[in-house]
Amino acid sequence: MDGWQNRNANHTSPKELDPGFRRDERNKRLTPSVLFVCLGNICRSPLAEAAFRAEAQRVRLDVEIDSAGTGGWHAGDPPDRRAQATALRHGIDISGYRGRQVTTADFRRFTHIVALDEQNLRDLKKLKPADATASLSLMLDHAPGREGQAVADPYYGDDAGFETTLADVSAGAVGLVQALRARVA
């Protein structure tokens, strides 16, 4: 099974060692986990998940990866056909991904929750339970020179918007992988 289909890798991580990593008891090492969040989980966050998965696989970073939406109306749906087509043009198959809504348990399951825009970050901060262990950030906070910027939502635009979104999330993915890799090295 390749990295694209291995979306929900199952890591045993019962003991939190620091705010950014969990101990994988099978392999006795620290394993980060990242959840990407947009509004509906059919455009930006699946592309962010795929871009991050590709970069993590490229550098052999062991990490749990998923995506979700702050809204639940696309739960169980595949990504937008334009997101799928864009990803496929870049050699990435996201057709097996399915939308889901973020839950309060995600704030304990994941070490990092990455929002694609400021509104979703605000919504995540409101949802965050008192015992949350995940750190919150914006996707482009991880792309040098793009800190604080949002990944534009391509949903109401044309196909070109999905290419821009993929380029943006890929830049953020490279920076986030580098930061996580430095912490586990």
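Within region 121-132, does at least one residue satisfy the condition of being touching a residue at least 40 places away in the same chain (Cβ under 8 Å) and part of a loop (DSSP other than H, G, I, E, B)?
Taking every residue of region 121-132 in turn, none turns out to be touching a residue at least 40 places away in the same chain (Cβ under 8 Å) and part of a loop (DSSP other than H, G, I, E, B).
Given the residues Gly145, Gly157, Gly172, Gly161, which is the only one that is small (Gly, Ala, Ser) and within 16 Å of Leu35 (Cα to Cα)?
Gly172
List pairs: first in region 82-106 and free of Cβ contacts under 8 Å to residues at least 12 places away in the same chain, second among the small types (Gly, Ala, Ser), Cβ under 6 Å, 6+ apart or cross-chain?
Close Cβ pairs (under 6 Å, with a partner that is among the small types (Gly, Ala, Ser)) amount to Gln84/Ser95.
Which members of region 159-170 meet the condition of being under 13 Å from the mean Cα position of the chain (by Cα) and either among the small types (Gly, Ala, Ser) or surrounded by fewer than 17 Cβ atoms within 10 Å (Cβ to Cβ) (or both)?
Ser170
Does Asp93 satisfy the criteria of being closer than 22 Å to Glu55 by Cα, surrounded by 13 or more Cβ atoms within 10 Å (Cβ to Cβ), acidic (Asp, Glu) and in contact with a Phe, Trp or Tyr (Cβ under 9 Å, 6 or more places away or on another chain)?
The answer is yes for Asp93.
Pick from Leu30, Leu35: which is in contact with a Phe, Trp or Tyr (Cβ under 6 Å, 6 or more places away or on another chain), at pLDDT 70 or above and either surrounded by 13 or more Cβ atoms within 10 Å (Cβ to Cβ) or within 12 Å of Tyr97 (Cβ to Cβ) (or both)?
None of the others qualify; the one that does is Leu35.
So if I check each of His142, His74, which one is open to solvent by 20 Å² or more (accessible area, probe 1.4 Å), at pLDDT 95 or above and farther than 25 Å from Val184 by Cα?
Step by step, each of His142, His74 is checked, and only His74 is open to solvent by 20 Å² or more (accessible area, probe 1.4 Å), at pLDDT 95 or above and farther than 25 Å from Val184 by Cα.
Mind listing whichever residues of region 77-90 are open to solvent by 50 Å² or more (accessible area, probe 1.4 Å) and assigned to a loop (DSSP other than H, G, I, E, B)?
Listed by number, the residues that qualify are Asp77, Pro78, His90.
Filter region 96-115 for residues that are closer than 13 Å to Glu49 by Cα and assigned to a strand (DSSP E or B); which is most open to solvent (accessible area, probe 1.4 Å)?
The selected residue is His112.
Does region 146-158 contain at least one residue that is part of a strand (DSSP E or B) and surrounded by fewer than 22 Cβ atoms within 10 Å (Cβ to Cβ)?
Within region 146-158 (the criterion being part of a strand (DSSP E or B) and surrounded by fewer than 22 Cβ atoms within 10 Å (Cβ to Cβ)), the answer is no, since none of the residues qualifies.
The values are calculated or read from the model by the stated rules, or taken from the named source; none is laboratory data. These numbers come from a predicted model, not from an experiment. Please note: Cβ atoms are built from the backbone with ideal geometry, for glycine as well, and neighbour counts cover all protein chains shown. The area values use the complete protein model at the heavy-atom level, side chains included, leaving out ligands, DNA and RNA. Shrake-Rupley method; radii C 1.70, N 1.55, O 1.52, S 1.80 Å.
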